[in-house]
Amino acid sequence: QVQLVESGGGLVQPGGSLRLSCAISGSIFRLTAMGWYRQAPGKQRELVAGINGGGSTNYLDSVKGRFTISRDNAKNTVYLQMNSLKPEDTAVYYCNVEVRPIGWDTSRVYWGQGTQVTVSS
């Protein structure tokens, strides 16, 4: 069993910063790809940032230069540092992790419960 616990969301003014965390626990053999998605009301869920096992990253064009994804393999945690936040960044943010559980031959994808980020004055 694998659990994902997200934290760090909240209300922030435009131009402000937040850092999201997603801690993964349970029967983990290996963590590979990790990422953050978001879903705004009435819109489809979209990939915001991803990081693979080698540390390579990719970003949604609209967040490049403002958001930074990172991972701490010792803590089984993925972070999303969000700077210069804009109202259009308002959404529920979900972490997404590819995990090979102990005793499994393949990996599977797990989702966090979601954390609300609201950017408003």
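The values are calculated or read from the model by the stated rules, or taken from the named source; none is laboratory data. Every value quoted in this text rests on a predicted model; they were computed, and no experiment measured them. So basically every Cβ, Gly included, is an ideal-geometry build from the backbone, and we count neighbours across all protein chains shown. Heavy atoms of the whole protein, side chains included, go into the accessibility calculation; ligands, DNA and RNA do not. Shrake-Rupley method; radii C 1.70, N 1.55, O 1.52, S 1.80 Å.
Between Glu88 and Lys43, the contour length at 0.36 nm per residue exceeds the Cα-Cα span by 15.0 nm.
Given Cβ point charges of +1 (Lys, Arg) and -1 (Asp, Glu) and nothing else, what value in debye, to the nearest 20, does the dipole of the chain about its Cα centre take?
Details: 12 positive and 8 negative charges, 15 e Å.
The calculated dipole for the chain is roughly 80 debye.
Between amide H atoms placed 1.01 Å from N, distances below 5 Å from Leu85 occur with Gly15, Gly16, all of them 5 or more places distant or on a separate chain. Close amide H partners of Val48, meaning residues 5 or more places away or on another chain with modelled amide H under 5 Å apart, are Trp36, Tyr37, Arg38. Our estimate of slack between Ala74 and Arg108, defined as 0.36 nm per intervening residue step minus the Cα-Cα distance, is 10.2 nm.
On a per residue basis, the chain carries 53 Å² of accessible surface, using protein heavy atoms and a 1.4 Å probe. Counting only protein heavy atoms and using a 1.4 Å probe, what share of the accessible area of the chain belongs to carbon plus sulfur, as a whole percent? Roughly 46 percent, rounded to a whole number. Among Val97, Val78, Val63, the largest mean-square fluctuation in a Gaussian network model of the chain (Cα springs under 10 Å) belongs to Val63. With q set to 0.18 Å⁻¹, the log10 of I(q)/I(0) for the chain, from the Debye formula over equal scatterers at the Cα positions, is -0.88.
Phi-derived couplings, Karplus 6.51 cos²θ - 1.76 cosθ + 1.60 at θ = phi - 60°, listed residue by residue for segment 46-56: 10, 6, 8, 7, x, 9, 8, x, x, x, 6 Hz, with x used for Gly and Pro.
Just subtract the alpha-carbon distance of Gln3 and Arg66 from 0.36 nm times their residue separation and send over the number in nm, one decimal.
Working: separation 63, 0.36 × 63 = 22.68 nm, distance 2.84 nm.
Additional length available on full extension: 19.8 nm.
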